[in-house]
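Each remark here refers to the structure printed beneath this line.
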Amino acid sequence: MEGSGKMLVTAVGVNSQTGIIFTLLGAGEIEEEKKDCKKEVNSNSSTQFPSVEAKEHNIINGKQDGTLENNQNKVDFSFNYNSPCLITLSPPAIAKKQDEAVAMEMQPLKSAEGGEVEEKEKKKASVPKKEKSVLQGKLTKLAVQIGKAGLVMSAITVIILMLYFVIETFVIQGRVWLTECTPIYVQYFVKFFIIGVTVLVVAVPEGLPLAVTISLAYSVKKMMKDNNLVRHLDACETMGNATAICSDKTGTLTTNRMTVVQIYIGDQHFRDIPRPDQINPKTLELITSAIAVNCAYTSKIMAADKEGGLPKQVGNKTECALLGLVLDLKQDYQAVREQIPEEKLYKVYTFNSVRKSMSTVIQMPDGSFRLYSKGASEILLKKCSFILARDGEVRAFRPRDRDEMVKKVIEPMACDGLRTICVAYRELPADPMPDWDNETDIVSNLTCITVVGIEDPVRPEVPDAIRKCQRAGITVRMVTGDNINTARAIAAKCGIIHPGDDFLCMEGKDFNRRIRNEKGEIEQERIDKIWPKLRVLARSSPTDKHTLVKGIIDSTIVEQRQVVAVTGDGTNDGPALKKADVGFAMGIAGTDVAKEASDIILTDDNFSSIVKAVMWGRNVYDSISKFLQFQLTVNVVAVIVAFTGACITQDSPLKAVQMLWVNLIMDTFASLALATEPPTEALLLRKPYGRNNPLISRTMMKNILGHAVYQLIIIFTLLFVGEKIFDIDSGRNAPLHSPPSEHYTIIFNTFVLMQLFNEINARKIHGERNVFDGIFSNPIFCSIVLGTFAIQIVIVQFGGKPFSCSPLNVEQWLWCLFVGMGELIWGQVIASVPTHQLKCLKEAGHGPAPDEIMDEELAEDEEEIDYAERELRRGQILWFRGLNRIQTQMEVVSTFKRSGSFQGAVRRRSSVLSQLHDVTNNSTPSHVVLSTANATGAPGSESLHSVNGTS
């Protein structure tokens, strides 16, 4: 935490900026356990950690203050740290030890009884419900459907084979089951069973998970070279479906190298940095001190790494721009910092996104104080009552003057795409001592020193990247904390907005006003009226960004559910990054909170890397579709051939071992070959697939059925008239243990070669004609096709009986190759058939229906506590963490005991704990009164009142 280091922060409020951010992030990952809070009569009745007790006593006038000891009834609080929502309140009990002021005891996670059950419940509740990725849902459903169809086909195959054999042998031929013939009959039945299992193995697409894993793993490895560090594997393919990107401005769309290019000082507006002699010396000294002291001491300008290069900016870039201004004015900020080191800073009000300013107080040599403040110009100017004139003297700064400055200085700067920062100061007397806790009063009646315009140039590659996104059907929105005019100017430079388009640019406060009803509640219907046209959201808070992302995701006004990607670098962006379908954090400028909440880290902080992620995401989707197109063609043909052949010839033309080889080709090798296709720019020329679009389009279905028809015609022709074509012995109706035949070997060889050439066809799934386009850019594909062909030659020529193959001569091999290559020609014929005319074709591979998802979620939620209730209480866990720290820091209290404030501190802590007890035991806000009765009527007995949610 930046600051003077003079204050020890032990707890963070729910309504503070950090509290809001952690609440949105889901600080309560350890959810409350599903049981009522119990009141303990005796705090010693349960196993506890050694209590951390505050046994300090106030000494007043040399006499021990026994105020609290005299209380006969004491309130005893027990706090379970590992179960944040469990706070127990003991009823009043008579103190046994007179010297014990207050005892705060914490219960362990595992008590003597039921600890393991509690831990299991906690783990169960803390498991986040991860929504299945789009692709995963579609593949799961498709695989189940194919598996069921394969199981039915294999069962029918076995049943038909057995019935055919039994009827043929025992009915038609009239044979009797002889005991000595039982082994032969059993062998036939085993053979039929093996054929059935083979059909099942070929039909079940066990290569699907492998293809997905290979494709994602390969993509993740390659994306690293494109500056995308993928943290969650499924973010890869989700990005391919992205329909909206909500991008931060600074550092993502811009270079994050800020420079002051315009300045308004001493009633003059300089379009370039002025010379030092053009500014009053008194004003120059003030601006130097204000910037040097009121910027984090970790921010500095360092010499360039290379000779002739730009100076290196270290720390906050906006502060570096201001420090650069000091150097441009030929002043030395380092000398001021040496004169006023960081430990001498009297008070620091750190920057946050609500007040959009930072202030620092220093003590002057005469004992008085001076406050320096810097922040968003239109906000800080409202707190200015004076301004430095040209001669360095202070003059009144009225609301009329402020409006004129906004109109003539700030708006022109903002329209040039500049971020405007106001620097001001205030003199404060030492007597009476100001109330430093009242920041609103302290940071008021300021004297404006200057307003500067800071330029953050747009990255040169960003406009082209945004153009590609828009062409790919992705809407880019800018969400920034900057001035609305600055944001609009930058958005126009980037190409996010275009003159004449119907779009919305608004500030966070307007956005909040328009999405909330009279009760202040956010309504989805109101968000739906805004987000489709919204392109720029300026002066936005972390909550605004989170609300926008959630609103777009939850919207139902468009047919397809929107898939939202978010970029961010600060802690403020954490909630939106976590809520988004895909969160991109900045690798260089990003904070740890942002990186933890993200799915992908951009190692170069560049928006154009997001376009690469879109390409890889769509490529993953296409790779799986290519593999499916190829595998389903093999599936259909192999299952029909095995089934029909078994029913007609009482034997499968493709033997069990041969089928396993085919399975290896179409599963492992094909998934490796087709899942490693590199992406091309052509992927960005079409719209996103959408969450509800099927995996197998009508074009793919046309290709699958078209190639299956060609292969079945060839296989059945060879099966029934192949022996006549090649003038060889027929392999049909062969005895049980007959040697391999050339006839069936030709069928097997032709079938495999057709799959090899069809693998080349499967590279294109959108009806493209040139199937060889880019084939040599994927050496893995070429190696697998050539390697498979080489292994096929070895199997056919030297496989022998294990593979049921008989060696073929050159002429037979050439015919097999010719028929296999016919697949490429047939592919061109299929591509010539218009898909839209084949209305009989149906799509396949749709995702799970919404009602299925709902049923699944309801089943999961049966034994879990109400989600809305958890959300309501989630932010309060920050309080519990703070109290955890208080327990370990009780020694700090002893340093304050001489101030006489210990008794009051104890009462305040008791009030806070009673409030937390109220939060835990009541789902709705209620009023709680805890009283400690003093039997002797000693002073200090009082009622402690707390109202839920007011602290």
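Please state which of the following conditions GLY551 fails to meet, knowing it meets all the rest: (1) small (Gly, Ala, Ser); (2) at pLDDT 90 or above; (3) within 23 Å of VAL458 (Cβ to Cβ); (4) more than 14 Å from the chain's Cα centre (by Cα).
Going through the list (1) small (Gly, Ala, Ser); (2) at pLDDT 90 or above; (3) within 23 Å of VAL458 (Cβ to Cβ); (4) more than 14 Å from the chain's Cα centre (by Cα), GLY551 breaks only (3).
How about region 226-242: which of its residues are in a strand (DSSP E or B) and either touching a Gly at 6+ places or on another chain (Cβ under 8 Å) or of a type in the set (Phe, Trp, Tyr) (or both)?
Scanning region 226-242 gives a single hit, LEU229.
Give the residue that is least open to solvent (accessible area, probe 1.4 Å), with candidates limited to residues of region 173-192 that are of a type outside the set (Ser, Thr, Tyr) and farther than 24 Å from ALA155 by Cα.
CYS181
If I ask for residues that are more than 17 Å from GLY150 (Cα to Cα) and crowded, with 22+ Cβ neighbours inside 10 Å, which ones from region 631-654 would you list?
Once the filter is applied, which keeps residues that are more than 17 Å from GLY150 (Cα to Cα) and crowded, with 22+ Cβ neighbours inside 10 Å, region 631-654 yields only PRO653.
Among the residues of region 445-470, what is the count of those that are open to solvent by 30 Å² or more (accessible area, probe 1.4 Å) and assigned to a loop (DSSP other than H, G, I, E, B)?
Residues flagged as open to solvent by 30 Å² or more (accessible area, probe 1.4 Å) and assigned to a loop (DSSP other than H, G, I, E, B) within region 445-470 amount to 5.
Under 6 Å between Cβ atoms, which residue pairs at least 6 apart in sequence (or on different chains) link something in region 201-214 that is over 12 Å from VAL634 (Cβ atoms) with a partner that is of a type in the set (Gly, Ala, Ser) and buried (at least 20 other Cβ atoms within 10 Å of the Cβ)?
LEU210/SER671; ALA211/SER671; ALA211/ALA675; ILE214/SER671; ILE214/ALA675
Those residues that are aliphatic (A, V, I, L, M) and either part of a loop (DSSP other than H, G, I, E, B) or crowded, with 24+ Cβ neighbours inside 10 Å (or both), I need them from region 432-444; list them, please.
The answer is MET433, VAL443.
Would you pick out the residues in region 244-281 that are of a type in the set (S, T, N, Q), touching a residue at least 40 places away in the same chain (Cβ under 8 Å) and outside any loop (DSSP other than H, G, I, E, B)?
Result: SER247, THR254, THR259, GLN262, GLN268.
With respect to ILE640, determine if the residue is touching a residue at least 12 places away in the same chain (Cβ under 8 Å) and touching a strand residue (DSSP E or B) at 6+ places or on another chain (Cβ under 9 Å).
So ILE640 does not fit the description; no.
For region 816-833, enumerate the residues that are more than 17 Å from ILE715 (Cα to Cα) and among the β-branched types (Val, Ile, Thr).
Within region 816-833, ILE825, VAL829, ILE830, VAL833 meet the criteria.
What is the one condition in (1) modelled with pLDDT of 90 or more; (2) open to solvent by 50 Å² or more (accessible area, probe 1.4 Å); (3) assigned to a loop (DSSP other than H, G, I, E, B) that TYR297 does not satisfy?
With (1) modelled with pLDDT of 90 or more; (2) open to solvent by 50 Å² or more (accessible area, probe 1.4 Å); (3) assigned to a loop (DSSP other than H, G, I, E, B) applied to TYR297, the lone miss is (2).
Quick check on PHE798: is it touching a residue at least 60 places away in the same chain (Cβ under 8 Å), farther than 30 Å from VAL186 by Cβ and of a type outside the set (Val, Ile, Thr)?
no
Take region 513-540 and flag every residue that is under 20 Å from PHE584 (Cβ atoms) and not charged (D, E, K, R).
Scanning region 513-540 gives TRP531, LEU534, VAL536, LEU537, SER540.
Can you tell me how many residues within region 723-746 are part of a helix (DSSP H, G or I), in contact with a helix residue (DSSP H, G or I) (Cβ under 8 Å, 6 or more places away or on another chain) and within 16 Å of CYS805 (Cα to Cα)?
Number satisfying all stated conditions: 5.
Just give me the residues in region 248-273 being touching a Leu at 6+ places or on another chain (Cβ under 8 Å) and over 30 Å from ILE466 (Cβ atoms), in sequence order.
ILE263, ILE265, GLY266, ILE273
Which ones in region 798-813 are assigned to a loop (DSSP other than H, G, I, E, B) and more than 16 Å from VAL752 (Cα to Cα)?
Within region 798-813, GLY800, ASN809 meet the criteria.
Rundown of residues vs (1) of a type outside the set (Asp, Glu); (2) within 26 Å of the chain's Cα centre (by Cα); (3) under 28 Å from LEU380 (Cβ atoms), yes/no style:
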{"position": "GLU455", "(1), (2), (3)": "no, no, yes"}
{"position": "GLU461", "(1), (2), (3)": "no, yes, no"}
{"position": "ASP482", "(1), (2), (3)": "no, yes, yes"}
{"position": "ALA487", "(1), (2), (3)": "yes, yes, yes"}
{"position": "HIS498", "(1), (2), (3)": "yes, no, no"}
{"position": "PHE503", "(1), (2), (3)": "yes, no, no"}
{"position": "PHE511", "(1), (2), (3)": "yes, yes, yes"}
{"position": "ASN517", "(1), (2), (3)": "yes, no, no"}
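Just one of ALA576, ALA589, ALA613, ALA597 is over 17 Å from the mean Cα position of the chain (by Cα) and of a type in the set (Gly, Ala, Ser); which is it?
ALA589
How many residues are part of a helix (DSSP H, G or I) and open to solvent by 30 Å² or more (accessible area, probe 1.4 Å) when one looks only at region 684-698?
Of the residues in that region, 2 qualify.
Conditions tested, residue by residue: (1) of a type in the set (Phe, Trp, Tyr); (2) more than 13 Å from GLN812 (Cα to Cα); (3) surrounded by 23 or more Cβ atoms within 10 Å (Cβ to Cβ); (4) modelled with pLDDT of 90 or more.
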{"site": "PHE748", "(1), (2), (3), (4)": "yes, no, yes, yes"}
{"site": "PHE751", "(1), (2), (3), (4)": "yes, yes, yes, yes"}
{"site": "ASN758", "(1), (2), (3), (4)": "no, yes, yes, yes"}
{"site": "GLY774", "(1), (2), (3), (4)": "no, yes, no, no"}
{"site": "SER777", "(1), (2), (3), (4)": "no, yes, no, no"}
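The values are calculated or read from the model by the stated rules, or taken from the named source; none is laboratory data. Predicted model, so just to flag it, every value in this text is computed and none were measured. Backbone-built Cβ (ideal geometry, glycine too); neighbour counts: all protein chains shown. Ligands, DNA and RNA are excluded from the accessible area calculation, which covers all protein heavy atoms including side chains. Shrake-Rupley method; radii C 1.70, N 1.55, O 1.52, S 1.80 Å.
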